[in-house]
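Heads up: the structure comes next, in structure tokens.
The values are calculated or read from the model by the stated rules, or taken from the named source; none is laboratory data. Because the structure is predicted, anything quoted here is derived from the model rather than measured. Neighbour counts run over all protein chains shown; Cβ positions are idealised from the backbone, glycine included.
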Amino acid sequence: MPPPSAPAASPTPASAAGPAPGLEVGSASPPSRLALVRRARRVHRALAERYPDARCELDFASPFELLVATVLSAQTTDQRVNGVTPALFARWPDAAALAGADRAELEAVLRPTGFFRAKADTVVRLADRLVADFGGRVPATLPELVTLPGVGRKTANVVLGDAFGVPGTTVDTHVGRLVRRLGWTEETDPVAVERDVDALFARRDLTLLSHRLIFHGRRTCHARRPACGACPVQRDCPSAGTGETDPVRAAALVRDRGRA
């Protein structure tokens with residue numbers, strides 16, 4: 001007598017269907033270029049849904065204010081910078097005024113941001129260069145911006161994207177961490193990371209992409225304990241599972257607002 005037929009397998013629930021197409025978890029072969037682009041853009045769409053209010057979290061009213069605030073944000077939080085800039089710009093509202101600031105008074109205002117002596121020196125030199133080389137105005141090109149004291153490509157891209165509407169990828173610590181976890185690049189040099197990310201997206205999307213990645217890095221995909229079980233892109237993330245996978249415990253790790 002022939003053995004009885006095995007029962008038909010039940011359909012696999014969508015939530016357990018495994019990685020999305022193009023996500024080759026555990027494979028020695030990287031995804032194809034087309035698969036990588038499609039996966040990266042799915043991630044961006046999911047982040048856009050999760051963070052519809054993603055934006056620069058530094059308060060500013062002009063390119064000059066954004067430039068100075070971004071320089072001051074090194075080694076501190078945006079919230080702490082936002083706490084000092086109202087008094088800073090009320091006292092020294094433009095490059096000419098800041099270039100002539102009394103050092104002791106300026107240091108007292110900047111003290112809450114940390115490294116206040118070095119930062120005071122940097123922003124005075126920055127303001128002086130703006131006056132000397134650009135008539136007190138903030139230049140609107142990356143090659144010009146990176147000639148300024150304290151300004152690298154990251155700061156330049158923040159200013160270009162948010163003050164001048166010139167798209168670019170801001171490679172800060174959050175963006176660098178996330179794009180490596182997402183498998184968009186293996187590079188650690190910020191210029192190489194910027195190049196690899198730029199190649200995956202339409203240029204017009206780069207500024208908002210940067211903000212959404214930064215929001216996600218501050219709120220969910222933390223450096224030490226990412227909240228993988230509460231992450232909207234886990235299905236498209238090669239690093240999913242490296243953090244907390246339990247949905248309830250992961251949700252408790254999600255921050256309403258970034259702290260770094």
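Being in contact (Cβ under 8 Å) with a residue 24 or more places away in the chain and among the small types (Gly, Ala, Ser) is the filter here, so list the residues in segment 166-176 that pass it.
Applying the first criterion (in contact (Cβ under 8 Å) with a residue 24 or more places away in the chain) to segment 166-176 yields 166-175.
Passing the criteria: only GLY168.
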Practice problem: Inspect segment 33-52 for any residue being assigned to a loop (DSSP other than H, G, I, E, B), farther than 30 Å from GLU186 by Cβ and modelled with pLDDT of 95 or more and give the result as yes or no. | Solution: yes
Exercise. Return the pairs, sorted by first residue and then second, in which the second residue is of a type in the set (Gly, Ala, Ser), the first residue lies in segment 79-95 and is surrounded by 20 or more Cβ atoms within 10 Å (Cβ to Cβ), the beta carbons are less than 7 Å apart, and the residues are 6+ apart or on different chains.
Key: VAL81/ALA69; VAL81/SER73; THR85/ALA69; TRP92/ALA101; ALA95/ALA127; ALA95/GLY136
Quiz item: Here are some conditions: (1) part of a loop (DSSP other than H, G, I, E, B); (2) modelled with pLDDT of 95 or more; (3) outside the structural domain of VAL146 (by TED's automatic domain parsing). PRO30 meets all but one. Which one does it not meet?
Solution: (2)
Quiz item: Hey, among ASP102, ASP94, ASP128, ASP172, which residue is assigned by TED's automatic domain parsing to the domain that holds SER239, among the acidic types (Asp, Glu) and at negative phi?
Solution: ASP172
Quiz item: So THR169 fits all but one of (1) out of contact with any helix residue (DSSP H, G or I) (no Cβ under 7 Å at 6 or more places or on another chain); (2) polar (S, T, N, Q); (3) surrounded by 15 or more Cβ atoms within 10 Å (Cβ to Cβ); what number is the exception?
Solution: (1)
Quiz item: Restricting the search to segment 202-238, which residues are surrounded by fewer than 18 Cβ atoms within 10 Å (Cβ to Cβ) and assigned to a loop (DSSP other than H, G, I, E, B)?
Solution: ALA202, ALA223, ARG224, ARG225, PRO232
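Out of all the residues in segment 58-79, which are among the aromatic types (Phe, Trp, Tyr) and either in contact with a Ser or Thr (Cβ under 7 Å, 6 or more places away or on another chain) or assigned to a helix (DSSP H, G or I) (or both)?
Here is the first cut: in segment 58-79, the residues among the aromatic types (Phe, Trp, Tyr) are 60, 64.
PHE64 - this is the single residue of segment 58-79 that is among the aromatic types (Phe, Trp, Tyr) and either in contact with a Ser or Thr (Cβ under 7 Å, 6 or more places away or on another chain) or assigned to a helix (DSSP H, G or I) (or both).
Out of the residues in segment 51-60 that are surrounded by fewer than 17 Cβ atoms within 10 Å (Cβ to Cβ) and either touching a residue at least 12 places away in the same chain (Cβ under 8 Å) or touching a Cys at 6+ places or on another chain (Cβ under 9 Å) (or both), which is farthest from ALA87 (Cα to Cα)? Break it down stepwise before answering.
Filtering segment 51-60 down to residues surrounded by fewer than 17 Cβ atoms within 10 Å (Cβ to Cβ) leaves 52-53, 55, 59.
Going one step further and asking which of them are either touching a residue at least 12 places away in the same chain (Cβ under 8 Å) or touching a Cys at 6+ places or on another chain (Cβ under 9 Å) (or both), we end up with 55, 59.
Numbers: ARG55: 23, ASP59: 12 Å.
Within segment 51-60, the match that is farthest from ALA87 (Cα to Cα) is ARG55.
Filter segment 61-72 down to the residues that are without any contact (Cβ under 8 Å) to a residue 40 or more places away in the chain and closer than 16 Å to GLY161 by Cβ, then identify the one that is surrounded by the most Cβ atoms within 10 Å (Cβ to Cβ).
If we take residues in segment 61-72 being without any contact (Cβ under 8 Å) to a residue 40 or more places away in the chain and closer than 16 Å to GLY161 by Cβ, then ALA69 is surrounded by the most Cβ atoms within 10 Å (Cβ to Cβ).
For the condition touching a residue at least 24 places away in the same chain (Cβ under 8 Å), assigned to a helix (DSSP H, G or I), closer than 19 Å to ASP59 by Cα and of a type outside the set (Ser, Thr, Tyr), what is the one hit in VAL197, VAL179, VAL159, VAL191? Give the steps one after another, and end with the answer.
Values: VAL197 fails: closer than 19 Å to ASP59 by Cα; VAL179 fails: closer than 19 Å to ASP59 by Cα; VAL191 fails: closer than 19 Å to ASP59 by Cα.
Residue meeting the stated conditions: VAL159.
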Practice problem: Just give me the residues in segment 201-218 being within 12 Å of the chain's Cα centre (by Cα) and free of Cβ contacts under 8 Å to residues at least 60 places away in the same chain, in sequence order. | Solution: LEU206, THR207, SER210, GLY217, ARG218
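Within segment 174-191, work out how many residues are touching a Cys at 6+ places or on another chain (Cβ under 6 Å) and either surrounded by fewer than 17 Cβ atoms within 10 Å (Cβ to Cβ) or farther than 20 Å from ARG225 by Cβ (or both). Give the steps one after another, and end with the answer.
Here is the first cut: in segment 174-191, the residues touching a Cys at 6+ places or on another chain (Cβ under 6 Å) are 178, 182.
From what's left, either surrounded by fewer than 17 Cβ atoms within 10 Å (Cβ to Cβ) or farther than 20 Å from ARG225 by Cβ (or both): none.
Residues in segment 174-191 being touching a Cys at 6+ places or on another chain (Cβ under 6 Å) and either surrounded by fewer than 17 Cβ atoms within 10 Å (Cβ to Cβ) or farther than 20 Å from ARG225 by Cβ (or both): 0 in total.
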Exercise. Would you check if there is a residue in segment 140-160 being among the basic types (Lys, Arg) and under 18 Å from the mean Cα position of the chain (by Cα)?
Key: yes
Quiz item: Could you list, in sequence order, the residues of segment 99-115 that are in a helix (DSSP H, G or I) and surrounded by 18 or more Cβ atoms within 10 Å (Cβ to Cβ)?
Solution: ALA99, LEU106, VAL109, LEU110, THR113
